[in-house]
Amino acid sequence: MGRAINPQNVQGQIQGGVGMGLGFALMEEFIPGKTASMGEYHIPTSLDMPEIIPIIVEDQEPTGPYGAKGVGNPP
């Protein structure tokens with residue numbers, strides 16, 4: 001992922017990515033014409049989430065600022 005300039009933000013990105021992936025795979029379902037509102041569109045809450053232990057693996061990115069690289073998409 002490059003250099004983690006702010007490790008807490010990196011951990012948050014990883015946890016958010018895992019949450020979105022779990023929701024997409026296990027809970028979210030939009031049926032055109034049947035799902036009337038976002039109230040019927042179920043997404044994971046903090047009670048649905050397992051414990052996530054992010055592991056940050058840094059690898060210097062020569063083209064990024066201070067060796068950093070984006071971390072939003074990989075999780």
Practice problem: Could you figure out which of (1) modelled with pLDDT of 90 or more; (2) open to solvent by 100 Å² or more (accessible area, probe 1.4 Å) isn't true of ASP48? | Solution: (2)
Quiz item: Only one of these conditions is not met by ARG3: (1) in contact with a strand residue (DSSP E or B) (Cβ under 8 Å, 6 or more places away or on another chain); (2) open to solvent by less than 70 Å² (accessible area, probe 1.4 Å); (3) not hydrophobic (A, V, I, L, M, F, W, C). Which number is it?
Solution: (2)
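Provide a single number: the residues in region 28-44 that are open to solvent by 70 Å² or more (accessible area, probe 1.4 Å) and either in a loop (DSSP other than H, G, I, E, B) or under 29 Å from TYR66 (Cα atoms) (or both). Let's see the steps before the verdict.
Kept after step one, since they are open to solvent by 70 Å² or more (accessible area, probe 1.4 Å), are these residues of region 28-44: 29-30, 32-34, 36, 38, 40, 42-43.
If we keep only those that are either in a loop (DSSP other than H, G, I, E, B) or under 29 Å from TYR66 (Cα atoms) (or both) too, we end up with 29-30, 32-34, 36, 42-43.
Matching residues across region 28-44 total 8.
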Quiz item: Can you tell me which residues in region 45-75 are touching a helix residue (DSSP H, G or I) at 6+ places or on another chain (Cβ under 6 Å) and farther than 16 Å from GLN13 by Cα?
Solution: GLN60, GLU61
Exercise. Mind listing whichever residues of region 1-22 are among the aliphatic types (A, V, I, L, M) and part of a helix (DSSP H, G or I)?
Key: VAL10, ILE14, VAL18, MET20, LEU22
Quiz item: Does GLY64 qualify as being modelled with pLDDT under 85 and surrounded by 13 or more Cβ atoms within 10 Å (Cβ to Cβ)?
Solution: yes
Self-check item: Close pairs (8 angstrom Cβ cut-off, 6 or more residues apart or separate chains): closer than 14 Å to GLY16 by Cα in region 27-50, of a type in the set (D, E, K, R) and surrounded by 10 or more Cβ atoms within 10 Å (Cβ to Cβ) anywhere
Solution: ILE43/GLU28
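The values are calculated or read from the model by the stated rules, or taken from the named source; none is laboratory data. All values derive from a computational prediction rather than experimental measurement. Counting neighbours? That spans all protein chains shown, and the Cβs are built from the backbone with ideal geometry, glycine included. Only protein heavy atoms, including side chains, enter the accessible area calculation; ligands, DNA and RNA are left aside. Shrake-Rupley method; radii C 1.70, N 1.55, O 1.52, S 1.80 Å.
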